[in-house]
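What follows draws every value from the coordinates through simple rules; no lab data is involved. The shown structure was predicted, so the numbers you read here are calculated from the model rather than taken from an experiment. Don't worry about glycine lacking a Cβ; one is built from the backbone with ideal geometry, like all the others, and counts go over all protein chains shown.
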Amino acid sequence: MNSTEIKSVTLRAPCRATLIPAGDLVVLEAGATADVTQALGGSVTLRTALGLFRVDASEFAAFGPEAALALRAGEAPAPAGAFSEDAVWGALRECFDPEIPLNIVDLGLVYDMAVEKTASGGHRVVVKMTLTAPGCGMGPTIAGDARARVASLPTVEEAVVDIVWDPQWTPHMISPAGREKLGI
């Protein structure tokens, strides 16, 4: 079984989740059933009778051992090799919008990325990104995921992800590859 074969789950234990799009942290109770709408980038989006929820990999055990193993198999491998700007872009491509099955780079949410050398020879990476809607409560979650992925790269001493609103995001910012994947 792999992550794309998991279409629904019944929680075997309580599970922390983030309500989409509000961004509120909640606990889904054991016994709840949910449809898996996407399993990308080390998180899962579930649709329950109560709405949409994002569940991080740290909570996959609540799905049971077989489902947890399959979902973990779909996670991106840990970064390896030397630091490069391409590695930063690759890390950002492992961050996904929980409602749209597309990474934040191809979705056009990343506006700028800058790398600075630190005094100790490491790197400070600053990313400017936006969201698809100014009122989206998932901003801190998506930005936190991006920050953690960039920070995990070799020699990154500091990762900063700032959410900006200028220019305002529009669907025209989706990359050609993203448009193809979404069928638009």
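A few comments on the model shown:
- Overall form of the stretch 46-154 per C-alpha gyration tensor (a/c, 1.5; a/b vs b/c): oblate
- Structure-based [θ]222 nm, the chain - -39500 (n - 2.57) summed over DSSP H runs of at least 4, per residue, nearest 500: -5500 deg cm²/dmol
- Take the Cα of Glu180, go 7 Å toward its beta carbon, and the backbone nitrogen atoms of the stretch 83-109 under 17 Å from that spot belong to 102-103, 105-108.
- Extension gain for Asp35-Arg16 works out to 5.2 nm (0.36 nm per residue, less the C-alpha to C-alpha distance).
- In this simple spin-label approximation, Lys128 and Glu66 carry label points 7 Å from Cα along the Cα→Cβ vector, and these lie 5.0 nm apart.
- Förster radius 30 Å - calculated FRET efficiency between Ser152 and His172 (Cβ-Cβ, nearest 0.05): 0.45
- Three-way shape call for the stretch 91-174 based on the alpha-carbon gyration tensor, with the a/c threshold at 1.5: prolate
- Prolate/oblate/rounded label for the chain (Cα gyration tensor, a/c 1.5): prolate
- Paramagnetic label reach from Asp24 (point 7 Å along Cα→Cβ; backbone nitrogen cut-off under 13 Å): within the stretch 126-145, residues 137.
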